[in-house]
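Okay, so here's the structure we're looking at.
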Amino acid sequence: MKKKEEEMRYKQELLIPRELIQERVKEIAQQISMDYEGRELVLVGILKGVVFFMADLAREISLPIRIDFLRIASYGSGMESGQIRLTKDLELPVEGKSVLIVEDIVDTGKTLDYVTRLLKEKGVESVKICALIDKRERRDIEIDLNYCAFRVEKGFLVGYGLDYNEEYRCLPDIYILKEQG
């Protein structure tokens, strides 16, 4: 019953269709492939929302890459950002490596600031950032995004990995979630 009430409370407004997402993923992957040619690259995804974007991006990059994940708890069960803490660390050694952080959405900038500092402490050669969505509405810390698929001014986004209370994550398109009424 609770899920049905949630569905009735919110409506989804299509923002970015899957075809456009896939087109941008291919373009970004081509650029990354050119920029890192001849270098060993480690993609570090920030779980959980990045899973779909990272999988699609990794398949399109035409270089040998290694993949690892961090899990950072920063969002609770609602729409507000909370405290940041590391809940899953890297398994691969990254010292002396070129690292590309892959993130689903950059909102306040706090998570990426934390992850960038963490990777520098681990002695990476370089660290750059690739984001599916740059959403500046609530930005607290300026973050330099080296690769970005989409810029969105505001709205609570779901789909293609983005969730609300663990719902909507598996939608193939990206939507703005709005309260009904």
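The values are calculated or read from the model by the stated rules, or taken from the named source; none is laboratory data. Note that the coordinates shown come from a computational prediction; the quantities given were computed from them, not determined experimentally. Note that we place each Cβ from the backbone using ideal geometry, even for glycine, and neighbour counts take in every protein chain shown.
One line per residue, one yes/no per condition, for (1) β-branched (Val, Ile, Thr); (2) loosely packed, with under 13 Cβ neighbours inside 10 Å; (3) more than 30 Å from GLN12 (Cβ to Cβ); (4) over 15 Å from the mean Cα position of the chain (by Cα):
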position	(1), (2), (3), (4)
GLY96	no, yes, yes, yes
ASP104	no, no, no, no
ASP107	no, no, no, no
VAL152	yes, no, no, no
- [ ] Could you grab me the full set of residues in the range 11-31 that are without any contact (Cβ under 8 Å) to a residue 60 or more places away in the chain and within 12 Å of PHE53 (Cβ to Cβ)?
- [x] GLN22, ALA29
Open item on the list: Taking the condition of being part of a loop (DSSP other than H, G, I, E, B) and of a type in the set (A, V, I, L, M), how many residues in the range 127-154 meet it?
Closed with: 3
Task: Residue that is surrounded by the most Cβ atoms within 10 Å (Cβ to Cβ) [pool: residues in the range 155-181 that are among the hydroxyl-bearing types (Ser, Thr, Tyr) and not in a loop (DSSP other than H, G, I, E, B)] - done: TYR175
- [ ] Under 7 Å between Cβ atoms, at least 6 apart or on separate chains: pull out the pairs that start in the range 34-51 with a residue that is on the phi > 0 side of the Ramachandran plot and end on any residue that is aliphatic (A, V, I, L, M) and assigned to a strand (DSSP E or B).
- [x] none
Open item on the list: Looking only at the range 99-117, how many residues end up being over 19 Å from ILE32 (Cβ atoms) and part of a helix (DSSP H, G or I)?
Closed with: 5
Task: Set ARG85, ARG66: member being part of a strand (DSSP E or B), modelled with pLDDT of 95 or more and not hydrophobic (A, V, I, L, M, F, W, C) - done: ARG66
Open item on the list: It is to be established whether one or more residues within the range 137-158 are at pLDDT 95 or above, of a type in the set (Gly, Ala, Ser) and under 20 Å from ILE21 (Cβ atoms).
Closed with: yes
Task: Leading residue by the ranking (nearest to ARG66 (Cα to Cα)) among those in the range 110-135 that are small (Gly, Ala, Ser) and either surrounded by fewer than 18 Cβ atoms within 10 Å (Cβ to Cβ) or in contact (Cβ under 8 Å) with a residue 60 or more places away in the chain (or both) - done: SER126
TODO: Using the structure shown, decide if ASP134 is of a type in the set (D, E, K, R) and within 28 Å of PRO17 (Cβ to Cβ).
DONE: yes
